[in-house]
Amino acid sequence: MKKIFQIIFHALEWLAMISLVVMTGVVFFDVILRYIFNQGMPWTQEIATLLLVWFSLIGMAIGVGEKIHISIEMFTMKCSKKVIGILESIDHLLIAAIGVMMLVYGLQIMNVTKNSTMPATKMPSAVLYIILPLSGILVFLNALIVAAKKDKQLLDGAGKEDKHA
């Protein structure tokens, strides 16, 4: 199971990198067309927006798994390691709840937009929003995995402290 998750998240990292590179290329192409030839392509803004949304939400899911999300350490500086561990576990359970909300509301948004199309590319608008429930699942899973690792560390640390006491 761990190997499957590693493969999925490695593929997501590649998808995020490819999205960023393609988005940069599309925006650069559009800037060249607009400022040198005084003519832009209408589809470039839609594609750049789509790729930015996808990159951001995939990056967020990866960030949860890598524990690189923003945190304020001013409140926890004077806490013991055990208290910090408990707070981090609670934090990741709350992040998991946000992942569930992303899944539920992302599916609702996709359902609402499934019959509309984006004006320039004529792609279904749901294409833009499909990443919301997908990244919600990934945020949920990553948060649970990180919380489980933290809980295991807490339990292992507590067991070692009891043995020495």
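Values in this text are rule-based calculations from the coordinates and carry no lab data. Fair warning: this is a prediction, and the values are worked out from it, not measured in the lab. Note that we place each Cβ from the backbone using ideal geometry, even for glycine, and neighbour counts take in every protein chain shown.
Side notes on the structure shown:
- Near-label residues of the stretch 38-59 by backbone N, under 18 Å of a point 7 Å along Cα→Cβ of ILE18: 47-59
- Contour minus Cα-Cα distance for ALA97 and VAL31 (0.36 nm per residue): 19.7 nm
- For THR117, the residues whose modelled amide H falls within less than 5 Å of its own, excluding neighbours fewer than 5 places apart on the same chain, are SER125.
- Helix-only [θ]222 nm of the chain, DSSP H runs n ≥ 4, -39500 (n - 2.57) each, per residue, nearest 500: -28000 deg cm²/dmol
- Cα-only Debye scattering, the chain: base-10 log of I(q)/I(0) at q = 0.13, 0.17 Å⁻¹: -0.77, -1.06
- FRET E, pair ASN111, ILE137, Förster distance 25 Å, beta-carbon r, rounded to 0.05: 0.90
- For the residue pairs LYS2/LYS150; LYS2/LYS78; LYS2/LYS82; LYS78/LYS150, the alpha carbons lie more than 24 Å apart in LYS2/LYS78; LYS2/LYS82.
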